[in-house]
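Enquirer: My structure is below; once you've seen it, I'll send some questions.
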Amino acid sequence: MNTKHKPLTQIQYILFFFVLLIFVLSLYFDSFLKVEPLDNESTMALERGWDIYLDGEKLATGITLPYSYEKPLVGKVCTVTTTLPLRFPNHNTCMSVESSMAGLEVFVDGEKIYALEGPDRGWARPVFGGNFANFIRIPDEARGKELSLVYRFTSNNSFAGSIKAPILGSKASLILQKHQAWPSIAFGYTLLFVGLVCIFVPLGIQRGKERDSFIYFGWLEATLGGWVFSQSTSKLLIIRNPALPMNLSFASLYLLPFFLTQYICTSYAVGKSIERMRTISLIFPLTYIVGGVLQVLGILQYTDLLLISGLFLGIFLVVLLALLVTSYMQGHAKLGSFLLAMGILLVTILTEEALLFLNIKLKSAVLLHFGMSLSAAILFWHSMRILSEKTKTILKEQVLLDMAYTDSLTGLNNRAAYDKRIEEISLPQYGKEVLGILVMDINDLKVINDTKGHKAGDMALKDYTVCMTKLLPDKSELFRIGGDEFVAFVPKVMDDTMAKLAKTIIEFFTNRKTDYTVAVGWDLFIPKKKEKFINIIHRADSAMYQCKAEMKLAKPKILDS
C-alpha cells in the first residue's frame, strides 16, 4: 500500500513546494509597489504658553503641558487658556483634546464651540470614563484667538486632574495617532473569544472537575480579555462612549480573583489554605456590588475605589502566589504549570516596568499581552491534559463495560445485558410500546461439538449470528443467554408479524441443509394488559420447547402461547 501511494505523495510535496515558492515571490514582487501612507499629514501639539485657573483664580502662567491639578477637584472648575497659533497644519483644522473623568467645554474668544456634558439621567454623579479623545473642528478664523478649555471633574482618583496638550491636525491623522495601540484590541478580542468558547463548549461535557476547569479557565480568559480591551484607547474606534467599556474594566478587575482561585481549586490538588483564599476572593465581587450601589446614590464612583481595590488585589495575589509556592515545595508538583504561567506573566510585567524606568516607551503593551497569551496557553494545555486523562478513563471504563455486557464469541449482548434489559422493560416508566419476544434454541449444537469439535460448534454459532442479524427487523435486540439459547426483542410489532417472522426463521435454517436447525417460540408484551414481563418470557420459552419437541418428531410447527 505504501509503495502504491509513494509517487502520489511525492507529487503532492512538489506541488506544495511550488505553491509556497510562488506565494513568497508574489509577496516579494508586490513589495515594490509604492503607496501613500495613511498617516502622512503633519500635526501640531499646543504644549507651551498655558495659563492655569481654578474656580476663576489664576494659579500659574506660561505653563508647558502636561499639567496636574492638586486634588480634591470634584465640584470645582478647572480652566486652562492659551493663544491659538497664526498658522494651522491644514485648512479648517481639527483639534484633539484628551479628557479623563471630566466634562469638557471648549471656547474660542469666549464663544463655546464644543461641550462634553454628563447625562441628565442615570448615575447621581455623571460618569465620563477614562482617557477620551474629543475631536473639535477649529475654523480658520480662530487663528491667533484665545483658546479656553474648561474641565469639570467628577472624581478625585489618580486619573483625574491631568491636563494634556491638545493636538491640531486633520481628523484622520489625529485618529491614527490616538489609536496606535490597536494590538490591545486584537489581544483583547482574542482573549475574549477564547474565553467565551471555553465557557460554552464544555457545557456539553459531563459534570466534573474537567468541565469546571475549562469553564473557569474561560472566565479567567474573558476577564483578562475584557480588561485588555477596555484599557486601550483604540476601543473608541468601536465604542465611542468612553464610560461603557470602563464598566467592562471594573467588572474584570473585581471578578478576576474569584475566577482565578476557582480555576486553581478545580484544576489542581490544593490544600485548605488555598480553599480559604477562594472564600476570601468573594470579597471582590461583593465590593463591586457595594460600589455600584454607592455610585447610584452619588456617594462615590468606581474610579474612587481603584487605588484601594488595586492595593488589596495586589496583596491578595502576592499571598496566593506565596501559598502556591509553599504548596508546590511540599510536594504538589502539578502546580508547576500554574507557577510557570504566573512566572512568565510576572517577568513580562517587570520588563514593561523596566522599560518605563529607562524611559523606553512602546506604542502598546505588546510584551504584557505576549506574556498573557503565553500564560494562557500553558493553563489551556493543563486543562486539556485534565480532559484527556478523563477521556482515557471514560474510554477504559466503556471498554470494560462493553466486555461485561458482550458475548466474546458472537459479539451479541450476553446474559448480563439480557437481565439488565429485562429490569428496564419491567419498570413502570417503560412506556406503552408493544414488544415482540422471540426465544430460540439451536438444535443439534451439542452433537456438532461432540462429533466435529468445539471449533465447528463455534463456527455454527457465528453463522447463526450473521444470519439472524439479517433476518431480524431494524432496531431488534438479540441476546445470547446460554450455550445454544438466544432471545430477541422486536419493537412495534403485531401478532401476525411475529408469527410470520418465527416461521421465516425456522424455514430459513431448515432449508439451508446445515448441520443445525433452530426452534422458535414467540409472544407479545402489551404494556396495556399490565402483565408481568417475565411471565411473557416464560410463555415464549414454553412455546420454543414445544416447537423443539415437534421438530424432533420431524413435524415442525410454529407455536405461540
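Enquirer: Pop out the carbon and sulfur fraction of the accessible area of the chain as a percent, whole number, probe 1.4 Å.
Expert: Carbon and sulfur together cover 62 percent of it.
Enquirer: Further, regarding this structure: Mind jotting down a quarter of the surface of the convex hull over the alpha carbons of the stretch 264-317, in square nanometres, one decimal?
Expert: On the way: hull surface 16.9 nm².
So the Cα hull casts an average projection of 4.2 nm².
Enquirer: Heavy atoms of the protein only, probe of 1.4 Å, neighbouring chains included. What is the accessible area of W227 in Å², nearest 10?
Expert: W227 has an accessible surface of roughly 90 Å² with all protein chains in place.
Enquirer: Can you list the lysines whose alpha carbon sits under 22 Å from that of K530, skipping same-chain ones fewer than 8 residues off?
Expert: Within the straight-line cut-off, K530 pairs with K420, K432, K492.
Enquirer: Please give the peptides 272-282, 190-200 ranked by average Cβ packing (other Cβ atoms within 10 Å per residue), highest first, as a rough proxy for protection.
Expert: Values: 272-282: 14.7, 190-200: 17.7.
Taking the mean over residues of other Cβ atoms within 10 Å, the ranking is 190-200, 272-282.
Enquirer: Anything over 19 Å Cα to Cα? Flag those among K446/K500; K475/K548; K112/K145; K452/K503; K470/K503, in the order listed.
Expert: Pairs exceeding 19 Å: K446/K500; K475/K548; K452/K503.
Enquirer: Now for a different question. Taking the Cα centre as origin and putting +1 on Lys and Arg beta-carbons and -1 on Asp and Glu beta-carbons, what dipole magnitude results for the stretch 409-479, to the nearest 20 debye?
Expert: So the dipole magnitude of the stretch 409-479 works out to roughly 140 debye.
Enquirer: Using only the alpha carbons of the stretch 67-142, determine the length spanned along each of the three principal axes and report them from longest to shortest in whole angstroms.
Expert: Principal-axis extents of the Cα atoms in the stretch 67-142, largest first: 42, 27, 22 Å.
Enquirer: What base-10 log of the normalised intensity I(q)/I(0) is obtained for the stretch 407-561 from the Debye formula, alpha carbons as equal point scatterers, at q = 0.08, 0.11, 0.13 Å⁻¹?
Expert: Each listed q corresponds, in turn, to -0.22, -0.41, -0.57.
Enquirer: Turning to a different aspect of this structure: Quick check on packing: order 498-508, 463-473, 126-136 by the mean number of other C-beta atoms within 10 Å, highest mean leading.
Expert: Order by mean packing, descending: 126-136, 498-508, 463-473.
Enquirer: While we're looking at this one, here's another question. Return the long-range amide H neighbours of L59 (sequence gap of 5 or more, or a different chain), with a cut-off of under 5 Å between placed amide H atoms.
Expert: Placed amide hydrogens put I52, Y53, L54 under 5 Å from L59.
Enquirer: To the nearest 20 debye, what charge dipole does the chain have about its Cα centre, counting +1 at the Cβ of each Lys and Arg and -1 at the Cβ of each Asp and Glu?
Expert: On the way: 58 positive and 51 negative charges, 238 e Å.
Using Cβ point charges on Lys, Arg, Asp and Glu, the chain gives about 1140 debye.
Enquirer: Now for a different question. Apply the Karplus curve 6.51 cos²θ - 1.76 cosθ + 1.60, θ = phi - 60°, to the phi angles in the stretch 158-172 and return the couplings in whole Hz, x for Gly and Pro.
Expert: Result, ordered by residue: 5, 7, 7, x, 8, 10, 9, 5, x, 10, 9, x, 5, 4, 4 Hz.
Enquirer: If you don't mind, there's one more thing I want to ask. Any number yet on Rg/Rh for the stretch 108-155, C-alpha, Kirkwood?
Expert: Reported Rg/Rh (Cα atoms, Kirkwood Rh): 1.04.
Enquirer: Right, here's the next one. How big is the stretch 461-544 by the Kirkwood estimate over distinct Cα pairs, in Å?
Expert: So the Kirkwood estimate lands at 13.7 Å.
Enquirer: I need the Kirkwood Rh of the stretch 402-490: take the reciprocal of the average 1/r across all distinct C-alpha pairs and report it in angstrom. Don't jump to the answer; show the numbers that get you there.
Expert: Numbers: mean 1/r = 0.0710 Å⁻¹.
Averaging 1/r across every pair of different Cα atoms and inverting gives 14.1 Å.
Enquirer: Put +1 on the Cβ of every Lys and Arg and -1 on every Asp and Glu Cβ in the chain; which of L395, F193, P89 then has its Cα farthest towards the positive end of the dipole?
Expert: The one lying farthest along the dipole's positive direction is L395.
Enquirer: Ordered by residue, what ³J(HN,Hα) values in Hz, to whole numbers, does the stretch 99-113 give under the Karplus form 6.51 cos²θ - 1.76 cosθ + 1.60, where θ = phi - 60° and Gly and Pro are x?
Expert: 10, 9, 6, 8, x, 9, 10, 10, 10, 10, 6, x, 9, 6, 10
Enquirer: Within the set of other residues whose C-beta is less than 12 Å from the C-beta of P202, count the net charge using Lys and Arg as +1 and Asp and Glu as -1.
Expert: Here the count lands on +2.
Enquirer: Let me ask something additional. In degrees from 0 to 90, rounded to the nearest 10, what is the angle of the helix 336-357 Cα long axis to the longest principal axis of the chain?
Expert: Compared with the principal axis, the helix lies near 20 degrees.
Enquirer: Here's something else I'd like to know. Among all the lysines, which ones have a C-alpha under 25 Å from K334's C-alpha, if same-chain residues fewer than 8 places away are not counted?
Expert: In chain and number order, the partners are K209, K272, K390, K392, K396.
Enquirer: Output needed: percent of Cα pairs per 10 Å distance bin for the stretch 245-386, bins running from 0 to the one holding the longest distance.
Expert: Taking all Cα pairs of the stretch 245-386, the binned fractions are 10, 33, 35, 19, 3, 0 percent.
Enquirer: Give the aspartates and glutamates whose C-alpha is closer than 18 Å to that of K462, dropping any in the same chain fewer than 8 places away, or say none.
Expert: Correct list for K462: D407, D441, D444, D450, E477, D484, E485, D515.
Enquirer: Next question, about the same structure. Can you work out ³J(HN,Hα) from phi for every residue in the stretch 388-404, in order, using Karplus 6.51 cos²θ - 1.76 cosθ + 1.60 and θ = phi - 60°, giving whole Hz and x for Gly and Pro?
Expert: Coupling constants for the stretch 388-404: 4, 5, 5, 4, 4, 5, 5, 5, 5, 5, 5, 4, 5, 5, 4, 5, 5 Hz.
Enquirer: For the ranges 381-390, 400-409, 7-16, what's the packing order if you count other beta-carbon atoms within 10 Å of each residue, average per peptide, and put the highest first?
Expert: Working: 381-390: 16.6, 400-409: 12.3, 7-16: 9.6.
Highest mean packing first, the order is 381-390, 400-409, 7-16.
Enquirer: For the chain, what does the equivalent ellipsoid look like in terms of its semi-axes, each the square root of 5 times an eigenvalue of the Cα gyration tensor, given largest first in whole Å? Display every interim value, and only then the final one.
Expert: On the way: eigenvalues 1276, 175, 119 Å².
Semi-axes, largest first: 80, 30, 24 Å.
Enquirer: Also, I was wondering about something else. What percent does the relative contact order of the stretch 429-504 come to when contacts are Cα pairs within less than 8 Å and at least six residues apart?
Expert: Values: 73 pairs, mean separation 34.2, N = 76.
RCO, the stretch 429-504: 45 percent.
The values are calculated or read from the model by the stated rules, or taken from the named source; none is laboratory data. Worth saying up front: this structure is predicted, and the values here are computed from it rather than measured. Every residue, glycine as well, gets a Cβ built from its backbone with ideal geometry; the counts of neighbours run over all protein chains shown. Surface areas here come from the heavy atoms of the whole protein model, side chains and all, with no ligands, DNA or RNA. Shrake-Rupley method; radii C 1.70, N 1.55, O 1.52, S 1.80 Å.
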